[in-house]
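Each remark here refers to the structure printed beneath this line.
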Amino acid sequence: MPKVRVAVNGYGTIGKRVADAVVRQPDLELVGVAKTRPDFGARRAVDRGYPLFVAGAGSPEKFAAAGLPVAGRLSELLAKADVVVDASPEEVGRENRALYAAAGLRAVYQGGEEADVAEASFNALANYDAGRGKRSLRVVSCNTTGIARAAAVLLRRWGVKHWEVTLVRRAADPGESKRGPINGIVPTFEMPSHHGPDARTVVPDLSIATTAVVVPTTLMHVHVNHVRLARPPASSSELVAAFRSTPRFHVFAPWEGVDGTPQVMEYARDRAGREPAATADMMENVLWEKGIRLDGEDAYFFQAIHQESIVVPENVDAIRAMFDLAPDGPTSIATTDRALGLGAPARAGAAPR
Ligand code: NAD
């Protein structure tokens, strides 16, 4: 079967990672990436051999002046593709919709867009089947992806009566220098925050209420979860085992000495050197065994979310669902994760060698 040809429009934090993930998949082909400006990110695309196209109001002359060869304009890239992953800034994806429709292309949008930008919102563990055969999908945001994955684990086994989450949000991505706060904790006065309703776009009827604060860190978000389960298990260890045995979860054992997000990201960087396919990202929901507790029908757990990369495998699965390239969600997830060097859950928690 010919590979599905993928264009990536918007080559920033998410777009560059999605492009890197696409080239590793056995059934997908990256036909090019589009960027508005000739900066170090554009140089990265050229260095990796990705055909580079000029998006939006960008000027091919400026790319040429920077010594960056371009293969054409966005319209030429779209003409070569079966599907476009839009990773342009928040709300620009909606503006790009008309371009994709004119090119007769299927499209995957990101969580910065409102849900009605696409036919359905998507998360591979929570609602893979809802994406099958669709012409457009929206991969929900990083925080919503984390919640949707955890919901998939909890709902199937024990049911959820009600879920309260406090999201401790990173202030900026590591590559950004214009966002803050750099000191202080900033409450989000929208209560509940938009994350709960967003989670319901992939897990309908979920009883969830979210509140959020922004803190001066760039590494990861952390969710503080309190879930009242409908049919609770007998012990915390069943919760730990459920998370540990689910793809796209990584549970740190107490002996690993991972106190917080700094060690999580250090682990990711170390793993990149050890596993040939792995990147220096942490695409899994990260939990701590010590931070998973059952008290009667109440489950408590912390989870950390690497905002720069958690949605990357979901974009790959979204494409697979749209083109019905896999018999089911678990097969697509396994294919994606193998190609990305994920799958640490099997090893996490093993005794030190
Ligand atoms: P980014 O700013 O890092 O990258 C966006 C890229 O798009 C930049 O390279 C920019 O130059 C380019 N661009 C600007 N205008 C364009 C246009 N008209 N056409 C094509 N490209 C254009 O943004 P990001 O963080 O990668 O976010 C992209 C999307 O992913 C947003 O919807 C965002 O909400 C969502 N998202 C971001 C994160 C995160 O934490 N960074 C996590 C999950 C989802």
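The values are calculated or read from the model by the stated rules, or taken from the named source; none is laboratory data. Given the structure is predicted, the values throughout are model-derived calculations rather than measurements. So basically every Cβ, Gly included, is an ideal-geometry build from the backbone, and we count neighbours across all protein chains shown. The accessibility values were calculated without ligands, DNA or RNA, using every heavy atom of the protein model including side chains. Shrake-Rupley method; radii C 1.70, N 1.55, O 1.52, S 1.80 Å.
Computed values, structure above
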| item | result |
| --- | --- |
| Members of the range 47-78 that are part of a helix (DSSP H, G or I) and over 13 Å from residue 34 (Cα atoms) | 47, 61, 62, 64, 65 |
| Residue count, the range 94-122 (criterion: touching a residue at least 60 places away in the same chain (Cβ under 8 Å), within 12 Å of the ligand (Cβ to nearest atom) and within 19 Å of the chain's Cα centre (by Cα)) | 3 |
| Residue ID - farthest from the ligand (Cβ to nearest atom), chosen from residues in the range 1-37 that are part of a helix (DSSP H, G or I) and open to solvent by 50 Å² or more (accessible area, probe 1.4 Å) | 23 |
| Residue list for the range 88-131, restricted to those being in contact with an Asp or Glu (Cβ under 6 Å, 6 or more places away or on another chain) and surrounded by fewer than 18 Cβ atoms within 10 Å (Cβ to Cβ) | 94 |
| Leading residue by the ranking (least open to solvent (accessible area, probe 1.4 Å)) among those in the range 149-176 that are out of contact with any Lys or Arg (no Cβ under 7 Å at 6 or more places or on another chain) and within 13 Å of the ligand (Cβ to nearest atom) | 167 |
| Which numbered condition residue 77 fails, given (1) touching a helix residue (DSSP H, G or I) at 6+ places or on another chain (Cβ under 8 Å); (2) buried (at least 18 other Cβ atoms within 10 Å of the Cβ) | (1) |
| Options 125, 206; residue that is within 17 Å of the chain's Cα centre (by Cα), under 25 Å from residue 249 (Cβ atoms) and more than 16 Å from the ligand (Cβ to nearest atom) | 125 |
| Meets criteria (touching a Ser or Thr at 6+ places or on another chain (Cβ under 6 Å) and in contact (Cβ under 8 Å) with a residue 40 or more places away in the chain) for residue 87 | no |
| Pair list, Cβ < 6 Å and 6+ apart or interchain, from the range 38-61 residues that are open to solvent by 50 Å² or more (accessible area, probe 1.4 Å) to residues that are assigned to a loop (DSSP other than H, G, I, E, B) and of a type outside the set (A, V, I, L, M, F, W, C) | 56/36 |
| Unique match (being at positive phi, modelled with pLDDT of 95 or more, surrounded by fewer than 16 Cβ atoms within 10 Å (Cβ to Cβ) and not charged (D, E, K, R)) among 67, 72 | 67 |
| Checking residue 85 against (1) open to solvent by 80 Å² or more (accessible area, probe 1.4 Å); (2) within 14 Å of the ligand (Cβ to nearest atom); (3) closer than 20 Å to residue 319 by Cα, the condition it does not meet | (1) |
| Condition check for residue 237: at pLDDT 95 or above, closer than 14 Å to residue 284 by Cβ and surrounded by fewer than 20 Cβ atoms within 10 Å (Cβ to Cβ) | no |
